[in-house]
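Chemist: What follows is a single structure, and I will ask about it in a moment.
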Amino acid sequence: MRVHVDVTTVDVPEGATVLESVRAAGAELPALCHDDRVSPRGSCRTCLVGADGRVVAACTTPAVDGMRVSLADPVARGAARGALELVVSELPGRAWDVPAERSELVRACACFGIPTDRSARGGHQRGVDHSHPYVKLDRDLCIACGRCVAVCAEVQGTFALDLTGRGFDTVVTPGDGGSWVSSPCVGCGGCVDSCPTGALSEPGLLDPRPTTSTTTTTCGYCGVGCTLDVHVRDGEVAAVTPTRGAPVNRGHACVKGRFAHGFTRAEDRLTTPLVRRDGRLVPTTWDDAVRTVAHRLAAVRDRHGPDAIAMISSARATNEENYLAQKFVRTVIGTNNVDNCSRLCHAPSATGLSASFGLAGGTNPLDDLDHTDCVLLVGANPTDAHPVVGARIKQRVLAGARLVVVDPRRTELAALADVHLQAVPGSNVAVFNGLAHVLITEDHLDHDFLDRRTTGFDALAELVRDYPPDTTAEIAGVRAADLVAAARLFGQARHPAIVYGLGVTEHRHGTDGVRTLANLALLRGAVGTPGCCGILPLRGQNNVQGASDMGALPDLLPGYQPVTDAAVRDRFSAAWGRPVPERPGLRIPQMFDAAIAGEVRAIHVIGENVVQSDPNAEHVRAALRACDLVVCHDVFPSRTAEHADVVLPAASFLEKDGTFVNFDRRFQRVRPAVSPPGGAASDFAVLHRIAHALGADLGCPTPADALAECAALTPVFAGLSHQRLDAGGPLHWPCRAPDQPGEAVLHLDRFATPDGRAALAALPHLPPGEQPDGEFPYLLITGRRLEHHNTGSMTRRTPNAELLPAEALEIHPTDAAHLRVVDGADVTVTSRWGRAALTAHLTRDVVPGQVFAAFHFPGATVNDLTSPHTDTATGCPEYKVTAVQVRPGPP
């Protein structure tokens with residue numbers, strides 16, 4: 001429809017407001033209570049305009065075709081100015097110390113020609129709340145616009161804020177009435193970004209000096225792939241804000257991506273190479289370190305052969321660095337012994353989704369959650385581990401979507417769920433088969449889809465006859481009625497979505513779990529069809545998808561092309577000028593086994609703290625001790641570096657150029673906002689230097705060249721380039737040509753299997769690697785906390801450590817009473833594999849007989865406990881099921 005704004009005519013969509021029409025015309029109109037991300041409020045009256053002879057609030061008034069809007073209407077403008085003058089009369093002079101670019105209030109006063117008085121004292125003496133390390137409240141600058149309250153409720157879904165008081169005494173307060181840091185606030189920063197006056201601010205923006213540059217990049221924490229603007233002052237990161245209008249996060253972020261950037265200037269950053277001499281790591285030059293690595297790698301290769309060398313590439317590194325790493329191993333060293341940490345988390349996703357659908361990635365973009373009417377959330381706690389996704393799920397639930405959660409813990413989303421199946425760890429396949437049983441017996445099926453586009457239905461139907469609700473309930477420890485209710489919600493939904501995490505994959509039968517979960521989507525025709533919402537695996541680290549996409553895998557080249565395929569090898573060999581080894585290499589667990597057996601003599605680790613993050617940590621330490629050479633690249637000293645012979649200082653994601661791939665297969669640009677400190681260097685540059693010292697040329701002088709070479713060799717990436725991403729923004733793979741947009745939704749025409757049909761999998765429930773017994777009566781589940789990420793190497797060096805300073809063992813009050821343990825008491829947790837000292841946290845979020853802990857803190861050696869059992873198909877460790885005993889007191 002067409003709207004006339006003063007002398008300009010604009011076309012706006014149906015449902016647009018007058019304010020949107022004014023902005024479409026490029027005109028300036030203050031709207032102090034308005035944020036595009038939340039429902040309009042119409043309370044401040046600063047956006048009053050004339051519209052077809054009436055005075056209206058532009059933010060709440062719908063535009064109509066042919067409407068004439070006057071910004072200069074004297075009645076409207078006078079009323080708006082009067083409303084703003086009333087607001088200003090209550091403010092102290094320091095309100096004008098906030099720079100105009102960060103204060104809508106200052107800009108609004110300029111728009112109306114209202115003079116500002118820095119000497120004004122205002123009518124309030126309400127004080128400040130600086131208890132939170134990131135969110136700072138100056139109550140006297142609060143104009144009670146309500147934007148922060150709305151963002152907290154409608155975008156974040158936390159409901160941590162409220163407006164209290166009456167009239168001019170109204171002010172924002174934490175929902176519990178206490179200090180900000182003790183409130184339910186999750187530190188997303190949405191309130192700070194929305195505040196129009198500076199009443200809510202953050203430390204980096206309290207400095208009145210302007211920032212000198214802003215760089216748009218992709219977050220380096222979890223795999224959601226949020227777009228961030230990094231603001232730099234004097235060569236250091238001053239603040240990070242989410243990019244408005246970004247395709248994944250839509251101007252939202254979490255406490256890690258938004259605020260945990262101070263690690264870049266931590267005092268213990270590695271800034272110079274270290275070489276072990278006389279048993280000690282001592283500083284040295286880059287030339288000496290590189291010569292040492294090259295000489296000792298060559299010695300191992302010449303004496304024991306290339307297969308005596310193994311590399312663990314990095315899910316924290318860029319795509320281009322992972323591409324170069326696997327190329328280095330295959331062409332310079334001459335082995336396929338390369339793997340990445342997807343082996344420890346989502347290898348079952350790649351294998352299971354490939355077997356079911358033909359491609360190793362989630363089927364749909366995150367945006368498709370916007371129209372789901374039922375979410376099946378399995379083995380994931382996104383409000384902690386992937387907060388932006390968790391907030392999107394909460395938004396859907398608040399809008400009326402149904403929610404089914406399968407998780408042994410009562411997470412925040414489980415507490416909101418219509419049905420929470422609190423299944424026993426290790427029973428996923430039984431639960432999924434039980435749900436399939438109900439879908440089939442009650443005929444919640446898409447018969448046309450199943451007939452045309454799938455195989456294996458009869459075998460599946462026969463198998464799940466053995467999983468009626470009562471039988472499944474007994475295996476999984478859930479109520480049969482809840483199982484039926486969950487299946488009906490999923491089965492009756494028009495647009496069901498499946499979102500899952502490591503609680504599905506990190507099991508002895510994790511690949512079976514992925515395949516039987518995929519069955520549910522196929523039975524409903526909820527994948528590969530127009531309007532479907534598909535299946536989304538939540539990736540844990542920023543580039544765990546991309547590391548595998550780039551071929552940092554022992555059996556697959558970039559784009560998941562089999563190394564055993566002679567035609568594939570020949571194509572890569574011709575381009576690289578060196579033969580690609582034929583035999584698949586070792587997976588990460590096999591690397592450690594081979595090192596202890598004396599078969600692997602050198603391990604090169606890029607950006608992974610394997611001693612803290614990998615299971616059965618004593619076994620990992622033994623493997624590193626057995627090697628002739630251990631090399632690691634890292635940003636900080638680590639438990640792995642303690643075992644290294646050479647430590648190379650690495651650049652962080654805020655200091656790199658390249659791309660990441662997020663959990664929904666979206667290639668996104670990573671750009672350096674600051675320079676690495678001291679002598680730290682990108683993994684890309686380090687690999688080139690080592691290759692050169694070994695007499696080899698890896699080509700690809702820049703990251704852009706590396707992605708271009710990868711695209712030329714990999715059909716599913718053929719349309720990708722830095723130039724295209726810079727010009728047009730993120731692209732999903734497959735992207736098969738430079739003139740194609742990328743496939744955000746997969747399998748719409750056919751599945752990527754040889755016959756074009758998806759394969760239903762008839763797989764029985766099999767027991768996990770361990771069961772509780774008299775000696776080890778509890779089951780330990782591991783996971784993550786909101787405030788920290790992975791091994792905590794970055795977040796523990798920021799004020800996030802104030803928000804969560806230590807790890808605790810979650811234990812049910814009934815078990816604690818039996819053990820005579822009180823909240824906060826020291827406990828010793830022992831498994832068949834190791835021991836850890838923790839403090840007890842009593843909670844009903846776990847059930848009796850189960851305990852939970854995370855592995856973010858090196859002092860809480862949780863992965864000393866986890867077992868060596870692995871997924872039978874992929875070697876992914878069974879982090880989610882470890883039998884332990886718990887005793888009061890320290891070790």
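Quick note: the coordinates plus some simple rules give every number you see, no bench work behind them. Model, not experiment: these values are computed from the prediction. Cβ placement follows ideal geometry from the backbone for every residue including glycine, while neighbour counts extend to all protein chains displayed.
Chemist: Let me check against my output: what whole-number percent is the relative contact order of the chain, with C-alpha pairs under 8 Å and at least 6 apart?
Modeler: 14 percent
Chemist: Here's another thing I want to ask about it. Can you work out the FRET efficiency for the pair R465 and D826, with r the C-beta to C-beta distance and R0 = 51 Å, to the nearest 0.05?
Modeler: So, using R0 = 51 Å, E works out to roughly 0.55.
Chemist: Mind listing the phi-derived Karplus ³J(HN,Hα) values for region 335-343, rounded to whole Hz, using 6.51, -1.76 and 1.60 with θ = phi - 60°, and x for any glycine or proline?
Modeler: After applying 6.51 cos²θ - 1.76 cosθ + 1.60, I find 9, 9, 6, 9, 8, 9, 6, 4, 4 Hz.
Chemist: Tell me, what ³J(HN,Hα) does each residue in region 183-193 have, in order and in whole Hz, if you take phi through Karplus 6.51 cos²θ - 1.76 cosθ + 1.60 with θ = phi - 60° and put x for Gly and Pro?
Modeler: The phi angles translate into 7, x, 3, 9, x, 6, x, x, 5, 5, 5 Hz.
Chemist: Taking the beta-carbon count within 10 Å as an exposure proxy, list I114, I596 from fewest neighbours to most.
Modeler: I114, I596
Chemist: Assuming a ≥ b ≥ c are the square roots of the Cα gyration tensor eigenvalues, decide whether region 778-888 counts as rounded (a/c under 1.5), prolate (otherwise, with a/b larger than b/c) or oblate.
Modeler: Oblate, because a/c is 1.5 or more while a/b does not exceed b/c.
Chemist: Work out how much length T9 to D773 would gain on full extension: take 0.36 nm times their residue separation and subtract the Cα-Cα distance, in nm to one decimal.
Modeler: Values: separation 764, 0.36 × 764 = 275.04 nm, distance 7.57 nm.
Additional length available on full extension: 267.5 nm.
Chemist: Modelling each spin label as a point 7 Å along the Cα-to-Cβ direction, I'd like the S131/D36 distance in nm, to one decimal.
Modeler: 3.5 nm
Chemist: In nm, give the distance between the simple-model label positions of D65 and T212, each being 7 Å from the Cα along the Cα-to-Cβ direction.
Modeler: 5.5 nm
Chemist: What residues have an amide H closer than 5 Å to that of L731, excluding those fewer than 5 places away on the same chain, when H is modeled at 1.01 Å from N in the peptide plane?
Modeler: It is F667, by chain and number.
Chemist: Just one of (i) 87, 69, 65; (ii) 116, 69, 51; (iii) 104, 95, 45 is Cα extents along the principal axes in Å calculated from these coordinates, so which is it?
Modeler: (i)
Chemist: Quickly work out the A415-to-T170 label distance, labels modelled 7 Å from Cα along the C-beta direction, and quote it in nm with one decimal.
Modeler: Result: 2.8 nm between the two label points.
Chemist: If packing is taken as the average number of other Cβ atoms within 10 Å across a peptide's residues, how do 660-668, 87-95 rank, most packed first?
Modeler: Averaged packing, sorted descending, gives the order 660-668, 87-95.
Chemist: Kindly flag which residue pairs out of K394/K656; K256/K656; K256/K880; K256/K327; K136/K656; K656/K880 have an alpha-carbon separation exceeding 29 Å in this structure.
Modeler: From the list (K394/K656; K256/K656; K256/K880; K256/K327; K136/K656; K656/K880), the Cα-Cα distance tops 29 Å for K394/K656; K256/K327; K136/K656; K656/K880.
Chemist: What list of ³J(HN,Hα) couplings, whole Hz, do you get for region 516-523 from phi and the Karplus terms 6.51, -1.76, 1.60, once you set θ to phi - 60° and write x for glycine and proline?
Modeler: 6, 5, 4, 3, 5, 5, 5, 4
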